[in-house]
Structure formats: structure tokens, C-alpha cells
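One structure is given here, and the rest of the page talks about it.
The values are calculated or read from the model by the stated rules, or taken from the named source; none is laboratory data. Bear in mind the structure is a predicted one, so any value in this text is a computation, not a measurement. Note: ideal-geometry Cβ built from the backbone for every residue, glycine included; neighbour counts use all protein chains shown.
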Ligand SMILES: [Zn+2]
């Protein structure tokens, strides 16, 4: 079930692909983007995976993260470049970043 754009409620208990902790039923989750950033891959090597909605994997982004970026970008318009927006969203303390 989609709670808000890019955030879903988990129907199952599963493992988070980012922090490796359990995602329990009813928790808020989001999906990783595949490595081609939205373009479909023929090989299907990098399918989207479920992560906690506050989890951000190293090598990709999530639907929820992209949502925040889009929201902030539309708020600031041309006063901020997308790169700056991404950097400022990324530097927020509330994310769980994937460890090396
Ligand atoms: Zn997680």
C-alpha cells in the first residue's frame, strides 16, 4: 500500500537491502531505483529492492529520496541546481546510509 509518494507500507517481514536489519510488517519502506536511474534494463540485473524509507544505499537512490529532491528543487526553482539540492538532502542527519 502506498502511504505517500514513494513510501509504502510493508506487507511482509523482510530484510532491508541497505542496513541489513529487518523490515517488519507495517513499517514504512521505499524502493531503490535501478542503477540506470529509471530506464528499463534488458538484463534485469539491478532490480529495485525494498529498504526502510530513511535508508539510502551507496550506489543508487530511492523513490522517497528522489521525491524529497524533487520537492526541494521545485521549492527553490532555479535558485538551486539539482546537484546542490541532492547534496543538501544527502547531508541531512536523518538518513541511514549504507555502510562500506
Ligand atoms: Zn534499512
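Data overview
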{"read-out": "Any hit, the stretch 1-9, residues being in contact with a strand residue (DSSP E or B) (Cβ under 6 Å, 6 or more places away or on another chain) and modelled with pLDDT under 90", "value": "yes"}
{"read-out": "Residue in the stretch 77-84 that is at pLDDT 90 or above and either within 14 Å of the ligand (Cβ to nearest atom) or crowded, with 16+ Cβ neighbours inside 10 Å (or both) present", "value": "no"}
{"read-out": "Subset of the stretch 11-20 [within 11 Å of the ligand (Cβ to nearest atom) and either in contact with a helix residue (DSSP H, G or I) (Cβ under 7 Å, 6 or more places away or on another chain) or touching a residue at least 12 places away in the same chain (Cβ under 8 Å) (or both)]", "value": "14, 16, 17, 18, 19"}
{"read-out": "Any hit, the stretch 24-33, residues being at pLDDT below 95, within 14 Å of the chain's Cα centre (by Cα) and in a loop (DSSP other than H, G, I, E, B)", "value": "yes"}
{"read-out": "Search result, residues across the stretch 85-100 that are exposed (fewer than 13 other Cβ atoms within 10 Å of the Cβ) and farther than 21 Å from residue 47 by Cα", "value": "87, 91, 92, 93, 94"}
{"read-out": "Residue among 96, 41, 36 that is at pLDDT 95 or above and at negative phi", "value": "96"}
